[in-house]
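Okay, structure first, notes after.
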Amino acid sequence: MNEEWNALIQQMPRLLEELKSQPLRPCTDRSGLPKKGIYVFYEDGKPIYIGRSNNVRQRIGLHCRPSSGHNSATFAFNIAKHEAEKEGIKTNVTRGQLETDPAFTRLYLKAKERVSKMDLRAIQIDEPITQTLLEVYAAMCLDTKEYNDFDTH
């Protein structure tokens, strides 16, 4: 078991470099994205959010689609929640309650528009454990902790 773990961990720097070497593409351009893997959203050239999915194209679409709900566009929801906290909006309620709050809805719509203007990079990673480890490793290395908190919901 330790050998398997060590082999996985030793892959992380190489996989992160592979991810960082991918061309930046607009969020709206999902052609050529891998089926399964890791993706990174960039704003003004800075990595801001890491995600993983077994259907990257669809997942990116959900993040970027104006009609996506709070359970589909979680990155935009996290952005909106941060902004709501700055504005003094009570955020220690359920996601559903927040989504019905007009003040939060305004921030959420703005956040979804913001995400749709971001760029991204993605790489194919089929194996779930490698996906998980790379997501956490990349979030730590690229310092995306503002929106990647890995807390349970």
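The values are calculated or read from the model by the stated rules, or taken from the named source; none is laboratory data. The structure presented is a predicted model; accordingly, all values stated were derived computationally and were not measured. Note that we place each Cβ from the backbone using ideal geometry, even for glycine, and neighbour counts take in every protein chain shown.
Somewhere in segment 38-55, is a residue closer than 17 Å to residue 139 by Cα, assigned to a helix (DSSP H, G or I) and at pLDDT 95 or above?
Initially, segment 38-55 is screened for residues closer than 17 Å to residue 139 by Cα, giving 38-43, 45-53.
Subset that is assigned to a helix (DSSP H, G or I): none.
The answer is no, given that none of the residues of segment 38-55 is closer than 17 Å to residue 139 by Cα, assigned to a helix (DSSP H, G or I) and at pLDDT 95 or above.
Does any residue of segment 71-85 turn out to be in contact with a helix residue (DSSP H, G or I) (Cβ under 8 Å, 6 or more places away or on another chain), exposed (fewer than 14 other Cβ atoms within 10 Å of the Cβ) and part of a loop (DSSP other than H, G, I, E, B)?
Yes: one or more hits.
Which members of segment 21-39 meet the condition of being buried (at least 17 other Cβ atoms within 10 Å of the Cβ) and within 16 Å of residue 116 (Cβ to Cβ)?
Scanning segment 21-39 gives 25, 27, 30, 33, 39.
Counting only residues that are touching a residue at least 12 places away in the same chain (Cβ under 8 Å) and among the acidic types (Asp, Glu), which one in segment 84-112 is nearest to residue 34 (Cα to Cα)?
Going through the qualifying residues, I end up with 99.
In this structure, is residue 93 surrounded by fewer than 21 Cβ atoms within 10 Å (Cβ to Cβ), modelled with pLDDT of 95 or more, at negative phi and among the β-branched types (Val, Ile, Thr)?
Working: surrounded by fewer than 21 Cβ atoms within 10 Å (Cβ to Cβ): yes; modelled with pLDDT of 95 or more: no; at negative phi: yes; among the β-branched types (Val, Ile, Thr): yes.
No, not satisfied.
Considering (1) touching a residue at least 24 places away in the same chain (Cβ under 8 Å); (2) assigned to a loop (DSSP other than H, G, I, E, B); (3) in contact with a helix residue (DSSP H, G or I) (Cβ under 9 Å, 6 or more places away or on another chain), say which one residue 12 fails and leave the rest.
With (1) touching a residue at least 24 places away in the same chain (Cβ under 8 Å); (2) assigned to a loop (DSSP other than H, G, I, E, B); (3) in contact with a helix residue (DSSP H, G or I) (Cβ under 9 Å, 6 or more places away or on another chain) applied to residue 12, the lone miss is (2).
Output the qualifying pairs, or none if there are none: Cβ atoms under 6 angstrom, residues six or more apart or on different chains, first residue in segment 113-135 and surrounded by fewer than 16 Cβ atoms within 10 Å (Cβ to Cβ), second residue not in a helix (DSSP H, G or I).
That search, which allows pairs on different chains as well, returns 124/34; 124/37; 126/36.
Is it the case that segment 56-64 has a residue that's crowded, with 21+ Cβ neighbours inside 10 Å, touching a strand residue (DSSP E or B) at 6+ places or on another chain (Cβ under 6 Å) and touching a residue at least 60 places away in the same chain (Cβ under 8 Å)?
yes
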